Amino acid sequence: MNKIAKLALVAIASSIAFAGSSRAGSWGMNSGSSIERTIRSFSGNDFNVQYVYNWRHQADRTTGPWSVPQRSPTAIQHIQESIDSNRTLVQSLARKGVNVRNIVNANEALDGSLTFYVR
């Protein structure tokens, strides 16, 4: 029974260690110009939508992801403009009920998928 418990513990530790491996490996790939370039050329439906409630208030930590860095109003505008330039992406987001004007951040994962953060 002791071997089974150790094996289960190793499996749990391994899954925790690799749980975030699909997230971006560096901030550089999600910097302003890089993410904007990625959004403009993005094709396909491999994206996620995360809702961030009350995103302007840092004290409200229970309603949104902790790991989403906030962008300046100018950076948000540039992300939205990049999305607007990609008609296919705009249509895909609309099918999911997402208004581009409500997107406040975007991140690219290592697998090339995008996550859009919506207020």
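Miscellaneous remarks
- One residue stands out in the range 29-48 among those that are of a type in the set (Gly, Ala, Ser) and farther than 18 Å from Thr74 by Cα: the one that is modelled with the lowest pLDDT, namely Gly44.
- Meets criteria (modelled with pLDDT of 90 or more and not small (Gly, Ala, Ser)) for Phe18: no
The values are calculated or read from the model by the stated rules, or taken from the named source; none is laboratory data. Bear in mind the structure is a predicted one, so any value in this text is a computation, not a measurement.
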